[in-house]
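Please treat every number below as a calculation from the coordinates, not as lab data. Quick caveat: nothing in here was measured; it's all calculated off a predicted structure. All Cβ positions, even for glycine, are placed from backbone atoms using ideal geometry, and neighbour counts span all protein chains on display.
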Amino acid sequence: MPDIIPSDARELARCLEEQRKRAPVGNALLDALGDRNRAPELFRRLVGTEAQCHRAELAAYGTMLARFPLRPAADLFIGLSRLVYDAQPKLSKCAEALGMSDPFERFWPEGRETYAFNGTLSWVASRGSQASFALSSYTDMVVYFSGCASLVQQVRELRINAPAEFVEYYEGGASGELTELALDVVQDGLDRGDDPQEALFHARLLEESIGDFWKSAANES
């Protein structure tokens, strides 16, 4: 982390990228897929973990909308809520194609890693600043969607049999409009006096919890 923390959203994003290069969080699911025989189990665990995250995301975005109901922040929280809400039927189709029951009707998987992202996101939503949550959301979109792209690429390269619904769900990339909006909301918060160091801390913490998300899918404790 630099000695002087910049009060510029895009500079903060670059600081996070540099930290990511120095200390990568990793993706345990990609490593686990080296054993192709485990793929169906790993896919089911991923879908189950994803469903648990949806629960926390919708609540967190609603909390932030209540705390910061003005533009541009409100636009971001409404957009993120819509993104997750629209993804739920697609995730249910993934579960059905994998022979699972509705993943939104039970708490599974049951390991700590499954709920690490939920806990971090909920904490930032309740205690973090506008800049902290927006930078965390930006990081979430950048890191999560790039991890999904790597997953689909590996599934194809290893010629792992995966349902079309699963591939379709995880091959979608991040919305450029939403990622740019997230940085605009970060800058708006910084201009209003939010602490850039706090924003960096929360965003990195959320990134580390995404590492736990992948560990949950890989069943790695």
**Helix 176-191 vs. the chain, principal-axis angle (Cα, 0 to 90°, nearest 10)** = 30
**Prompt:** For the stretch 18-130, with the dipole built from +1 on Lys and Arg beta-carbon atoms and -1 on Asp and Glu ones, taken about the Cα centre, which of ALA23, LEU80, LEU46 lies farthest toward the positive end?
**Reply:** ALA23
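For the pair ASN219 and ASP8, what calculated FRET efficiency results from E = 1/(1 + (r/R0)^6), where r is the Cβ-Cβ distance and R0 = 41 Å, to the nearest 0.05?
E(calc), rounded to 0.05, equals 0.50.
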**Degrees between helix 39-67 axis and first principal axis of the chain (Cα, 0 to 90, nearest 10)** = 30
**Request:** Average the reciprocal distances over every distinct pair of alpha-carbons in the chain, invert the result, and give the Kirkwood radius in Å.
**Result:** 17.7
**Request:** Pop a pseudo-label 7 angstrom from the Cα along the beta-carbon direction at both ASP195 and LYS21 and give the gap in nm to one decimal.
**Result:** 2.8
**Prompt:** Relative to the longest principal Cα axis of the chain, at what angle does helix 130-157 sit, 0 to 90 degrees, rounded to 10?
**Reply:** 30
**Request:** On a C-alpha basis, how far is the centre of the stretch 85-130 from the centre of the stretch 142-176 in Å? Whole number, if you could?
**Result:** 17
**Request:** For the stretch 147-221, build the convex hull from the C-alpha positions and give me its volume per residue in Å³.
**Result:** 108
**Ranked packing of 196-206, 64-74, most packed first, by mean Cβ within 10 Å** = 196-206, 64-74
**Cβ-placed point charges (K, R +1; D, E -1), dipole of the stretch 128-219 about Cα centre in debye, nearest 20** = 460
**Request:** Can you tell me the order of 16-25, 186-195, 148-157 when each peptide is scored by its average per-residue count of other Cβ atoms within 10 angstrom, highest first?
**Result:** 186-195, 148-157, 16-25
**Request:** Divide by every residue of the chain the summed helix terms, -39500 (n - 2.57) for each DSSP H run of at least 4, and state the resulting mean residue ellipticity at 222 nm, rounded to the nearest 500 deg cm²/dmol.
**Result:** -24500 deg cm²/dmol
**Candidates SER129, SER175, SER137: whichever shows maximal mean-square fluctuation once the chain is modelled as a Gaussian network with Cα springs under 10 Å** = SER175
